[in-house]
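Report on one structure; see the data block that follows.
The values are calculated or read from the model by the stated rules, or taken from the named source; none is laboratory data. As the structure is a prediction and not an experimental result, all values here were calculated from the model. All Cβ positions, even for glycine, are placed from backbone atoms using ideal geometry, and neighbour counts span all protein chains on display. Protein only, heavy atoms only, side chains kept; ligands, DNA and RNA dropped before computing areas. Shrake-Rupley method; radii C 1.70, N 1.55, O 1.52, S 1.80 Å.
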Amino acid sequence: MRLDETSESGPVISVRGLRFTYPKANIPAVRGMDFEVGRGEIFGFLGPSGAGKSTTQRLLIGLLRGHEGDIAVWGREPVAWGPDYFERVGVSFELPNHYPKLTALENLRFFASLYGGETRDPNELLAAVGLADAASTRVGKFSKGMAMRLTFARALLNDPDLLFLDEPTSGLDPVNARSVKDMILDLRARGRTVFLTTHDMATANELCDRVAFVVDGQIVALDAPAELRIARSRRVVRVGYRASDGGLEAAEFPMDGLADDGEFRAVLRNHHVETIHSAEASLDDVFVEVTGRRLQ
């Protein structure tokens with residue numbers, strides 16, 4: 001029986017009143033979080049370093065204990081599942097942790113041997129992340145980007161129902177980052193759930209169905225990226241066009257009543273239009289407005 005069969009209609013992850021304080025610390029790392037993650041959702045956890053993102057992720061994975069409040073994954077506490085939990089959960093940490101004296105293929109074969117159920121073909125996973133030619137190379141010789149891709153491949157070995165990703169595109173060039181993003185989107189298309197921890201707003205905006213902004217151990221905003229951006233955008237249209245002397249000029253027009261705006265129509269009729277853009281806020285803009293901070 002797959003774990004998610006026990007609560008097919010409910011959320012995959014449910015968190016209520018979550019608080020956690022590290023031993024000897026005076027200030028809680030997590031201060032009363034509430035959120036849910038649905039089946040087949042890519043849920044983004046965004047915030048600066050030290051915001052409580054990784055602590056929350058470790059609690060959900062079952063690596064930390066001693067929290068206050070309620071955590072349920074498929075309807076039960078992570079630690080209550082026992083070893084079966086890790087048969088259906090995949091984890092990709094931000095800092096690669098492999099056996100450097102083993103090759104990439106040997107690493108994946110070893111970790112595959114730890115699972116009780118069927119696992120995916122290590123060679124196919126290496127090919128999927130662009131490491132087929134490095135299968136027989138010792139991991140100690142890998143660059144950071146190669147090690148990150150191997151970490152991601154390892155998280156997919158057991159074909160997990162729930163995948164925890166911590167900065168999955170960190171250190172990757174654009175081509176390999178695109179491949180990893182496409183694989184994450186494919187996981188969602190197959191009904192898998194992804195909990196994505198990052199401070200990369202562009203990646204979150206592209207991949208996530210919903211994002212939570214985390215600051216000082218609390219969620220200060222939670223919604224779909226598009227809804228967050230629209231709620232804080234200026235309702236104007238900016239048109240870039242060529243003037244009579246060939247120079248590039250720009251004008252802004254209110255979005256409301258745009259179809260009846262004579263000046264807007266005149267620009268379209270009488271000039272060569274180069275660009276038309278709405279003044280939509282970026283996810284970075286929204287984060288700064290909501291939190292008063294910038295991500296580093």
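Tabulated data
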item: Residue within the range 280-288 that is open to solvent by less than 50 Å² (accessible area, probe 1.4 Å), more than 30 Å from residue 46 (Cβ to Cβ) and of a type outside the set (A, V, I, L, M) present; result: no
item: Only listed residue being polar (S, T, N, Q), closer than 23 Å to residue 147 by Cα and in contact with a strand residue (DSSP E or B) (Cβ under 6 Å, 6 or more places away or on another chain), chosen from 193, 197; result: 197
item: Subset tally (residues that are under 25 Å from residue 198 (Cα atoms) and part of a loop (DSSP other than H, G, I, E, B)) for the range 75-88; result: 2
item: Condition met for residue 62 (open to solvent by 10 Å² or more (accessible area, probe 1.4 Å) and out of contact with any Pro (no Cβ under 9 Å at 6 or more places or on another chain)); result: no
item: Where a residue in the range 265-280 is farther than 17 Å from residue 234 by Cα and of a type in the set (Lys, Arg) and its partner, wherever it lies, is modelled with pLDDT under 95 and open to solvent by 100 Å² or more (accessible area, probe 1.4 Å), with Cβ under 7 Å and at least six apart; result: none
item: Hey, residue 182 out of contact with any helix residue (DSSP H, G or I) (no Cβ under 6 Å at 6 or more places or on another chain) and at positive phi or not; result: no
item: Selection count, the range 89-102, where residues are over 25 Å from residue 193 (Cβ atoms) and either buried (at least 18 other Cβ atoms within 10 Å of the Cβ) or within 24 Å of the chain's Cα centre (by Cα) (or both); result: 1
item: Residue under evaluation residue 59, criteria (1) aliphatic (A, V, I, L, M); (2) in contact with a Gly (Cβ under 6 Å, 6 or more places away or on another chain); (3) under 27 Å from residue 290 (Cα atoms), criterion not met; result: (2)
item: Residues that are out of contact with any Ser or Thr (no Cβ under 9 Å at 6 or more places or on another chain), touching a residue at least 24 places away in the same chain (Cβ under 8 Å) and assigned to a loop (DSSP other than H, G, I, E, B), drawn from the range 36-61; result: 49, 51, 52
item: Qualifying positions in the range 140-179 - of a type in the set (A, V, I, L, M, F, W, C) and part of a helix (DSSP H, G or I); result: 146, 147, 148, 150, 152, 153, 155, 175, 177
item: Matching entry among 111, 86 (being open to solvent by 60 Å² or more (accessible area, probe 1.4 Å) and touching a helix residue (DSSP H, G or I) at 6+ places or on another chain (Cβ under 9 Å)); result: 86
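Listed here are the residues, each with its yes/no results for (1) in contact with a strand residue (DSSP E or B) (Cβ under 8 Å, 6 or more places away or on another chain); (2) under 22 Å from residue 224 (Cβ atoms); (3) of a type outside the set (A, V, I, L, M, F, W, C).
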{"residue": "15", "(1), (2), (3)": "yes, yes, no"}
{"residue": "19", "(1), (2), (3)": "yes, no, yes"}
{"residue": "28", "(1), (2), (3)": "yes, no, yes"}
{"residue": "49", "(1), (2), (3)": "no, no, yes"}
{"residue": "54", "(1), (2), (3)": "yes, no, yes"}
{"residue": "64", "(1), (2), (3)": "yes, no, no"}
{"residue": "95", "(1), (2), (3)": "no, no, no"}
